[in-house]
Amino acid sequence: MYNFAYHKPASLADAVKILSADPEARPLAGGQTLIPVLKQRLNKPSQLVDLAALGLAGIKVSPTALTIGAMTPHAAVARSAEVRKAIPGLADLASWIGDEQVRHRGTIGGSLANNDPSACYPAAVLALGATIKTDRREIAADDFFQGMFTTALEPGEIITEVAFPLPVEKSAYEKFRQPASRYAMVGVFVAKGPKGVRVAVTGAGQNGVFRVPEMEDALAKSWSPDSIAAIKVSPDGLVSDIHGSAAYRSHLITVMAKRAVAKAG
Amino acid sequence: MAKEGIGAAVRRREDSRFLTGQGHYVDDFNRPGQLYAYIRRSDRPHARIRGIDVSAARNAPGVVAVYTGEDLAADGVGGLPCGWQIHNKDGSPMAEPPHPVLALGKVRHIGDPIAVVIAESKAQAKDAAELIAIDFEDLPAVADVRAATAPGAPRVHDDVPGNVCYDWHIGDLAAVEAAFARAKHVVRLDLVNNRLIPNAMEPRAALAECDVTGNYTLYTTSQNPHVIRLLMGAFVLHLPEHRLRVVAPDVGGGFGSKIYHYAEEAIVTWAAGKLRRPVKWTAERSESFISDAQGRDHVSHAELALDEEGNFLALRVSTLANLGAYLSTFAPSVPTYLYATLLAGVYKTPAIYAEVKAVFTNTVPVDAYRGAGRPEAAYLLERLVDVAAMETGIDRIALRRKNFIPPEAFPYQTPVALQYDSGNYEMTLREALKAADYEGFEARRAEARRRGKLRGIGISTYLEACGIAPSKVVGQLGARAGLYEVATIRVHPTGSVTVYTGAHSHGQGHETTFAQIVADHLGVPYEQVEIVHGDTAQVPFGMGTYGSRSLAVGGSAMVKAMDKIIAKGKKIAAYLLEASAEDIEFADGVFRVAGTDKTKTLGEIAFAAYVPHNYPIEELEPGLEETAFYDPKNFTFPGGCHVCEVEIDPETGVTRVVNFVAVDDVGRVINPLIVEGQVQGGVAQGIGQALLEHAVYDANGQLLSGSFMDYTMPRADNLPSITVGTESTMCTHNPLGAKGCGEVGAIGSPPAVINAIVDALKEFGVKHVDMPATPEKIWSIIEAHRPRLAAE
Ligand SMILES: Cc1cc2nc3c(=O)[nH]c(=O)nc-3n(C[C@H](O)[C@H](O)[C@H](O)COP(=O)(O)OP(=O)(O)OC[C@H]3O[C@@H](n4cnc5c(N)ncnc54)[C@H](O)[C@@H]3O)c2cc1C
């Protein structure tokens, strides 16, 4: 990795200040993506701003929202009794991200800011119609994800927390893992909550996470695996790689969606 | 049997060291004043180098030197040698294009080393390497053997037309053709043996130093330090053996990939001499993917002729083997004498003919990888036999039994050069079927069906040849080395023993197994035996560890050396006990005058030998130390039966291995715990090859599976709990009766897995599925047949 300056500010304002003053500075969360990228010398930030001392970790529940701090590691989401109760599909999703080490370092904020097209969280955030809160504003999930590794975040903008509207009646995630990386080759999150019935797919789209309106309509009419069994997402626009063609991914979307619906009960 | 002697399940003594982080690997060594090398490698599959500008790199902070291929050539550094020469059908020698240590004029694969930067720190070396400006002219590249042999294909080496390194054959073509002409059935199969990346846990590393007198030491991650000293000293750097010490300390896995002499070893050794400072290089994992020799990569067509009753009449095989861009050290032997000679397998097929074209491509060099040629042969044969069963309607087990070489036929001469000494294929088949509850399978299939799953069972009755090999024979076959092994047994004055072996342990547990053999044979406590390996300054000589040879060949050298110790001990005992040497018996560490209670322990004899006050000094030298070179009389022939049971999810195509039984004949078992571990590891690799692992290059030679993000290593949850059994017939020609167990797992398992998958898919009329049998491949097969099934 190339040399960089390291900061661990104690306030959000200080962190924002450093990041705003220097376009080459980057926030550092769990480092599970950023550090490997630096080690491969694919990125050359001038400064890293560690978000660990900003008090951004933690889970809160109110009658209308489950709020997860940006620095909350996946393991904490997975084992949280509140999350399991309020949105079981979300806890389940967090429980099979990466491995034990990754789950203890990687954070929800880092995952969303990175918006890897095969990351898991974007599917939940989009399907549950969550709101991404930053140091300066609130962004609806529908506006946040803007294509592979691209989000609505402005340079230097820090995600502080993610609010999932409650109550959620049904939620489940099914993931067909890419065999080597074990990221989502096709991940489908299905939800029924304040934002209606939603189906979001990750891992498969060339532009990252996306919704499947036909499935949403069908499930709104009748919540059952059979009601979406015949709905296919066109392979156009889906990823083809050594692990699976677009046609195979298209097929898996339906299979994973059916299984998620069954799992949600 | 002694508590820790031959046959005892002793826990591996090296494990406490490894598990507590006390292992000492090459990268753990650091020498005063040490510099760090970083290698700038090609990111092009094939390009002409029009110019290299290293001036910016030379001036970068901390940089001590930058060298290119021209610098090495100007100093007389030779190319990397190839240790095996194959001859073409017409008797001419294979093409042997130069293999420069650092590229000269052209790069031929992603990862091909171009220049080395040597700096005070690793980071400085790496920073400076980026400053090397290389003017490339991209050339058309070729990665696949079929494309490389097509007319008009780009040439990897200008003077190798058609990219064919050799066009070789074995067997009696006329006899095979005659048999095919009168056959009742002919079955045909096209199959690919997928390319694999070894991925030893420890990446390769090399650290060299040169002292003021010009004596060199190289610490390297090698399976055979003496071979490296020989090849690098004699062919590359022109350093005589007495000035070059090669140490291979703890090595974290090899699987073949650490047999070869690699460019980096020569680079750091040469640079250490130039700079008179130690130079260290340690591969990053991403370098391992593009610079460790890879394995397999065959494309074959096979045909089997059978008579009315299902007797095999003849086998005809034609194989294209991918060698990559250059000849790795032993590459030519793998798709020839380690492959085609195994095509008889466990069957009495009377006529066999195989032809192999070895082909250069713009890919990382290919060489021996766990099993080396033998997995390719076993896979081809065991798949073909299943296809024969399917097409003739004869039960696959009955068909195998009908064609087995029967136990009374040994020694058995195959039509492809090998002579098997012993084996009992019916025995391992029977035991494996029993352990797998083969009889009960159809009930399990039906039960799985009720759960919506397709269940299948497959077997393979495989054979391998290992314990490589009689020097005279391999010399006739083109080896440029002998393949004996060496052991020195040093009995210390108080009776404890140090063993110096030319074999090298990098995961095999030699420190345990070898100590058991010596404890057993000399009757000394196991704790009093120490095993030393991996250092040319300590061990007299050795050919190293590969091809499951350490026990069969290296262990036999120990027995031979111990026999000399005992013979000398008898003479000493005879003198001390006033008897004649012929009357002295040796057992359990005690020399005894036969039929009397007059005895001397080995410790007493050793003491007398080192403090020779009362000693036949006129006739016998003092001391108690013997060295033996053991040259094997034949290969050894482990074999057995693997049974695999899979369940396929027809909706996704995902295969799960739900049951796996391996019953192997490895000859005498010294330590059942270690044998089981070796088989488990081998089966894991075999299942990995069958279902998951694949080095994928695009048509232009870009490696698409260049990291663990895309190259699928098998993990614990991909594997069932593996049932391992052993059923032994003894090797008849070595003193231990041992055959070897290091590779059986990786050889027997892939065809068992694929046979099980084809069985699970039998209602779809599937004949074959290429490895790795990924979910998408299987789903596509099911998809293609779905309309037909729906119609029926
Ligand atoms: C072996 C392995 C397996 C994995 N498997 C999976 C998987 O199955 N599914 C999955 O979804 N993910 C997976 N991941 C990714 C992992 O779970 C993390 O979510 C991901 O790496 C990002 O989180 P992080 O906290 O590590 O962020 P970092 O790596 O620290 O940062 C990632 C990016 O986000 C920016 N960033 C971080 N936090 C913020 C913030 N609060 N505001 C603004 N920008 C920010 C950083 O500047 C950087 O650009 C895996 C990772 C590894 C190493």
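The values are calculated or read from the model by the stated rules, or taken from the named source; none is laboratory data. Here the structure is a predicted model, which means the values were calculated and not measured. Every residue, glycine as well, gets a Cβ built from its backbone with ideal geometry; the counts of neighbours run over all protein chains shown. When the accessible area is computed, the model is the full protein with side chains, heavy atoms only, and any ligands, DNA or RNA have been set aside. Shrake-Rupley method; radii C 1.70, N 1.55, O 1.52, S 1.80 Å.
Per-structure values
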| quantity | calculated |
| --- | --- |
| Residues of region B:518-553 satisfying the condition of being under 25 Å from the mean Cα position of the chain (by Cα) and part of a helix (DSSP H, G or I) | B:S550, B:L551, B:A552, B:V553 |
| Selection count, region B:672-718, where residues are within 14 Å of another protein chain (Cβ to nearest Cβ), out of contact with any Gly (no Cβ under 9 Å at 6 or more places or on another chain), over 25 Å from B:V145 (Cα atoms) and open to solvent by less than 60 Å² (accessible area, probe 1.4 Å) | 0 |
| So A:K263, is it assigned to a helix (DSSP H, G or I) and either surrounded by fewer than 20 Cβ atoms within 10 Å (Cβ to Cβ) or hydrophobic (A, V, I, L, M, F, W, C) (or both) | yes |
| Odd one out for A:I87 among (1) within 8 Å of the ligand (Cβ to nearest atom); (2) over 14 Å from the mean Cα position of the chain (by Cα); (3) crowded, with 23+ Cβ neighbours inside 10 Å | (1) |
| Residues of region B:411-421 satisfying the condition of being within 25 Å of the chain's Cα centre (by Cα) and open to solvent by 60 Å² or more (accessible area, probe 1.4 Å) | B:Q413, B:A417, B:Q419 |
| Qualifying residue in region B:232-245 (condition: out of contact with any Asp or Glu (no Cβ under 8 Å at 6 or more places or on another chain) and open to solvent by less than 10 Å² (accessible area, probe 1.4 Å)) | yes |
| Strands (runs of 3 or more DSSP E) (entirely within region A:150-219) containing at least 1 residues that are open to solvent by 30 Å² or more (accessible area, probe 1.4 Å) and within 14 Å of chain B (Cβ to nearest Cβ) | A:170-177 |
| Test: residue in region A:14-34 that is within 11 Å of the ligand (Cβ to nearest atom), part of a strand (DSSP E or B) and more than 24 Å from A:Q101 (Cβ to Cβ) | yes |
| Residue in region B:164-187 that is modelled with pLDDT of 95 or more, surrounded by 22 or more Cβ atoms within 10 Å (Cβ to Cβ) and over 30 Å from B:L343 (Cα atoms) present | no |
| Subset of region A:184-209 [within 16 Å of the ligand (Cβ to nearest atom) and of a type outside the set (A, V, I, L, M)] | A:G187, A:F189, A:T202, A:G203, A:G205, A:G208 |
| Residue in region A:220-247 that is nearest to the other protein chains (Cβ to nearest Cβ), counting only those that are not in a loop (DSSP other than H, G, I, E, B) and not small (G, A, S) | A:D241 |
| Filter pass, B:E408 being assigned to a helix (DSSP H, G or I) and surrounded by fewer than 24 Cβ atoms within 10 Å (Cβ to Cβ) | yes |
| Cβ-Cβ under 6 Å pairs, at least 6 apart or on other chains, region A:91-110 side on the phi < 0 side of the Ramachandran plot, far side near the ligand (Cβ under 6 Å from one of its atoms) and open to solvent by 60 Å² or more (accessible area, probe 1.4 Å) | A:V102/A:Q32; A:R105/A:Q32; A:G106/A:Q32 |
| Search result, residues across region A:55-76 that are assigned to a helix (DSSP H, G or I) and either within 11 Å of the ligand (Cβ to nearest atom) or surrounded by fewer than 16 Cβ atoms within 10 Å (Cβ to Cβ) (or both) | A:H74, A:A75 |
| Lone unmet requirement of (1) closer than 28 Å to B:I757 by Cα; (2) part of a loop (DSSP other than H, G, I, E, B) for B:L399 | (2) |
| Selection from region B:199-231 of residues that are open to solvent by less than 40 Å² (accessible area, probe 1.4 Å) and over 18 Å from B:D27 (Cβ atoms) | B:C210, B:G214, B:Y216, B:N224, B:H226, B:V227, B:R229, B:L231 |
| B:P113 being open to solvent by less than 50 Å² (accessible area, probe 1.4 Å) and more than 14 Å from chain A (Cβ to nearest Cβ) | yes |
| Some residue of region B:637-659 being touching a Leu at 6+ places or on another chain (Cβ under 8 Å), of a type in the set (A, V, I, L, M, F, W, C), open to solvent by less than 40 Å² (accessible area, probe 1.4 Å) and outside any strand (DSSP E or B) | yes |
| Answer from B:E621, B:E645 - the residue that is in the same structural domain as B:A606 (by TED's automatic domain parsing) and at pLDDT 95 or above | B:E621 |
| Enumeration of residues in region A:35-54 that are within 14 Å of another protein chain (Cβ to nearest Cβ), open to solvent by 20 Å² or more (accessible area, probe 1.4 Å), within 11 Å of the ligand (Cβ to nearest atom) and aliphatic (A, V, I, L, M) | A:V37 |
| Residue count for region A:87-133, restricted to those that are among the aliphatic types (A, V, I, L, M), touching a strand residue (DSSP E or B) at 6+ places or on another chain (Cβ under 8 Å) and in a helix (DSSP H, G or I) | 10 |
| Residue check, A:F145 in contact with a Pro (Cβ under 7 Å, 6 or more places away or on another chain), among the hydrophobic types (A, V, I, L, M, F, W, C) and within 14 Å of the ligand (Cβ to nearest atom) | yes |
| Subset of region A:96-133 [buried (at least 24 other Cβ atoms within 10 Å of the Cβ), within 6 Å of the ligand (Cβ to nearest atom) and within 15 Å of A:A152 (Cβ to Cβ)] | A:G109 |
| Candidate set: region B:332-352, residues that are small (G, A, S) and touching a Pro at 6+ places or on another chain (Cβ under 8 Å); chosen: the one surrounded by the most Cβ atoms within 10 Å (Cβ to Cβ) | B:A344 |
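Every residue, every condition in (1) of a type outside the set (G, A, S); (2) under 17 Å from the mean Cα position of the chain (by Cα), yes or no:
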residue: B:S286; (1), (2): no, no
residue: B:H298; (1), (2): yes, yes
residue: B:T319; (1), (2): yes, no
residue: B:G324; (1), (2): no, no
residue: B:T329; (1), (2): yes, yes
residue: B:A344; (1), (2): no, no
residue: B:Y347; (1), (2): yes, no
residue: B:A358; (1), (2): no, no
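Results for (1) assigned to a strand (DSSP E or B); (2) under 21 Å from the mean Cα position of the chain (by Cα); (3) buried (at least 16 other Cβ atoms within 10 Å of the Cβ), shown as yes or no for each residue.
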site: B:G423; (1), (2), (3): no, no, yes
site: B:M427; (1), (2), (3): no, no, yes
site: B:E439; (1), (2), (3): no, no, no
site: B:A443; (1), (2), (3): no, no, no
site: B:R455; (1), (2), (3): yes, no, yes
site: B:A469; (1), (2), (3): no, yes, yes
site: B:V499; (1), (2), (3): yes, no, yes
